[in-house]
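Engineer: Quick one: the structure is below, and I'll ask about it shortly.
The values are calculated or read from the model by the stated rules, or taken from the named source; none is laboratory data. Values in this document were obtained by computation on a predicted structure and should not be read as measured data. As a convention, Cβ positions derive from the backbone with ideal geometry for all residues, glycine included, and neighbour counts pool all protein chains shown. Please note that ligands, DNA and RNA were not included when accessible areas were found on the heavy atoms of the full protein model with its side chains. Shrake-Rupley method; radii C 1.70, N 1.55, O 1.52, S 1.80 Å.
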Amino acid sequence: SQQGEEDPQALSIQEGENATMNCSYKTSINNLQWYRQNSGRGLVHLILIRSNEREKHSGRLRVTLDTSKKSSSLLITASRAADTASYFCATDAGGDSSYKLIFGSGTRLLVRP
Amino acid sequence: NAGVTQTPKFQVLKTGQSMTLQCAQDMNHNSMYWYRQDPGMGLRLIYYSASEGTTDKGEVPNGYNVSRLNKREFSLRLESAAPSQTSVYFCASYGLAKNIQYFGAGTRLSVL
């Protein structure tokens, strides 16, 4: 079963607009990560937020984490056509040395030029 | 620095055939993982190896075996391929320094 569920499943916006994706998860976590997957490619790490953090920024990315609601959001500001990809949240529940991640089902983002 | 390398990139099998997917990383990481990704879905963990010499089942291990050949290499074997194993397979390794996983480009497998 997948820990993270993402919303929306698909998002289409105009270049320059902001894109917001949400992720909900079920169990306690050490950290939550966001990855991007371009069509036909592997996943690339974007940003990690630890369970004791509430907000984190990296360039045009802003991630928030609400552990009381077991949810996170990824905001991409001033979107570009090159941001078109699928975005996945992944949770690290910790507890052992395996560093396993559990991935959500992803949000497919289309940025129209 | 190639990162995580997977071979082959594409494969077509007939039901019942066997094959091994190869994965190698050059980042000196201890932990490695095999995932499968079905259309429109996220990644599901098949097997992982927390360190050289150890392997453990993930969420969907049935029909697969793995070998951690050495610290660099982690292979996934399908002994008797089934159409349900048609998927894209990703290998990843974990970097403790940044606490993130690094992914290969994937193997697209079709079982007819």
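Engineer: Can you classify region B:5-108 as rounded, prolate or oblate using the Cα gyration tensor, where a ≥ b ≥ c are the square roots of its eigenvalues, rounded means a/c under 1.5, and otherwise it's prolate if a/b beats b/c and oblate if not?
Structural biologist: On the way: a/c = 1.77, a/b = 1.56, b/c = 1.13.
It is prolate, given that a/c is not under 1.5 and a/b is the larger ratio.
Engineer: Here's another thing I want to ask about it. May I ask you to derive the FRET efficiency for B:Asn30 and A:Asn18 from their Cβ-Cβ distance with R0 = 45 Å, giving the value to the nearest 0.05?
Structural biologist: The calculated FRET efficiency here is 0.70.
Engineer: By how many nm would the segment from B:Lys57 to B:Ala2 grow when fully extended, if each residue of separation counts as 0.36 nm and the alpha-carbon distance is taken off?
Structural biologist: My answer for the length gained is 17.1 nm.
Engineer: What's the average, rounded to a whole number, of partner chain beta-carbon atoms within 10 Å of each residue's beta-carbon in A:36-46?
Structural biologist: Partner-chain Cβ atoms within 10 Å, mean over residues of A:36-46: 5.
Engineer: If you don't mind, there's one more thing I want to ask. Hey, can you find the accessible area per residue of the protein assembly as shown for me, probe 1.4 Å, expressed in square angstrom?
Structural biologist: About 46 Å² of surface per residue is accessible.
Engineer: Related question: Rounded to the nearest 0.05, what FRET efficiency do A:Arg80 and A:Lys56 have when you use their Cβ-Cβ distance and R0 = 30 Å?
Structural biologist: Efficiency computed from Cβ-Cβ geometry: 0.90.
Engineer: For peptide A:98-108, compute the average count of partner chain beta-carbon atoms within 10 Å of each residue's beta-carbon.
Structural biologist: Mean shielding count: 6.
Engineer: Return the value, in Å² to the nearest 100, of accessible area buried between chains B and A (probe 1.4 Å, both sides summed).
Structural biologist: Counting protein atoms only, the buried area is about 1700 Å².
Engineer: In chain A, what percent of the accessible surface is made up of carbon and sulfur (1.4 Å probe, ligands and nucleic acids excluded)?
Structural biologist: 45
Engineer: Same structure, new question: Can you classify region B:65-108 as rounded, prolate or oblate using the Cα gyration tensor, where a ≥ b ≥ c are the square roots of its eigenvalues, rounded means a/c under 1.5, and otherwise it's prolate if a/b beats b/c and oblate if not?
Structural biologist: oblate
Engineer: Also, quick follow-up: For a label point 7 angstrom out from the Cα of B:Asp38 toward its Cβ, which stretches of region B:82-98 have the backbone nitrogen within less than 13 Å?
Structural biologist: Under 13 Å, as judged by backbone N against the label point of B:Asp38, lie B:83-88 of region B:82-98.
Engineer: For region A:16-113, what does the alpha-carbon gyration tensor say about shape, rounded, prolate or oblate, given a ≥ b ≥ c as the root eigenvalues, a/c under 1.5 as rounded, and a/b over b/c as prolate?
Structural biologist: Cα axes put region A:16-113 in the prolate bin.
Engineer: Got a sec? Which residues of region B:93-112 lose 50 Å² or more of accessible surface with every protein chain in place, vs. that chain alone, 1.4 Å probe?
Structural biologist: In region B:93-112, residues shielded by partner chains: B:Asn99, B:Ile100, B:Gln101, B:Phe103.
Engineer: Right, another one. With r as the distance between the Cβ atoms of B:Ser84 and B:Lys9 and R0 = 22 Å, compute the FRET efficiency 1/(1 + (r/R0)^6) and round to 0.05.
Structural biologist: Here the calculated transfer efficiency is 0.55.
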